Amino acid sequence: QVQVVESGGGLVQPGGSLRLSCAVSGSIFDFDAMGWYRQAPGKRREQVAEIISGGTTNYADSVRGRFTISRDNIKNMVYLQMNSLKPEDSAVYYCNTVPVQNEYWGQGTQVTVSS
């Protein structure tokens with residue numbers, strides 16, 4: 001059974017950076033695409049980035065140019081480098097497959113952007 005554990009969140013000032021990590025217990029070779037999602041209070045969960053096994057990446061308009069997704073197929077890790085953070089990026093961030101599989105939702109990692 002695949003388990004997903006996100007880490008790396010925290011409190012950061014506007015304009016700052018964070019790097020989120022996603023450890024996948026199974027082999028991410030099994031998944032064609034992995035993604036990062038986020039959910040802010042009172043809002044629906046949204047996909048912010050995805051990376052396909054060949055390395056192609058896609059981003060939501062709100063984060064394009066600021067966030068970078070990457071994957072390490074040997075270590076079974078997925079990363080999200082977040083730069084130029086804005087208060088509206090504050091949310092709980094999750095890692096999952098694309099499309100999502102409900103049984104793979106982890107606890108997420110909280111990102112708070114505030115001065």
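The values are calculated or read from the model by the stated rules, or taken from the named source; none is laboratory data. As the structure is a prediction and not an experimental result, all values here were calculated from the model. Neighbour counts run over all protein chains shown; Cβ positions are idealised from the backbone, glycine included. Note: areas computed on protein heavy atoms with side chains; ligands, DNA, RNA excluded. Shrake-Rupley method; radii C 1.70, N 1.55, O 1.52, S 1.80 Å.
Things worth noting here:
- For the range 5-10, the Karplus equation 6.51 cos²θ - 1.76 cosθ + 1.60, evaluated at θ = phi - 60°, returns couplings of 10, 9, 7, x, x, x Hz by residue, with Gly and Pro reported as x.
- Karplus-derived 3J(HN,Hα), 6.51/-1.76/1.60, for each residue of the range 98-106, Hz, glycine and proline x: 10, x, 5, 10, 4, 6, 9, 5, x
- In this structure the amide hydrogen of VAL98, modeled in the peptide plane, comes within under 5 Å of the amide hydrogens of ALA33, MET34, GLY35, none closer than 5 places in sequence on its chain.
- Sequentially through the range 47-53, phi angles give Karplus couplings (6.51, -1.76, 1.60; θ = phi - 60°) of 7, 10, 7, 9, 9, 8, 3 Hz, Gly and Pro residues having no value and appearing as x.
- Counted by Cβ distance under 11 Å from GLY16, the other residues give a net charge of 0, where Lys and Arg count +1 and Asp and Glu count -1.
- Amide H partners (placed H, <5 Å) of PHE67, local residues excluded: ASN83
- Remark on VAL111: its backbone amide H falls under 5 Å from those of GLY10, ALA91, VAL92, TYR93, a criterion applied only to residues 5 or more positions apart or on other chains, H modelled at 1.01 Å from N.
- Mean accessible surface per residue for the range 7-115, computed with a 1.4 Å probe while every protein chain stays in place, in Å²: 52 Å²
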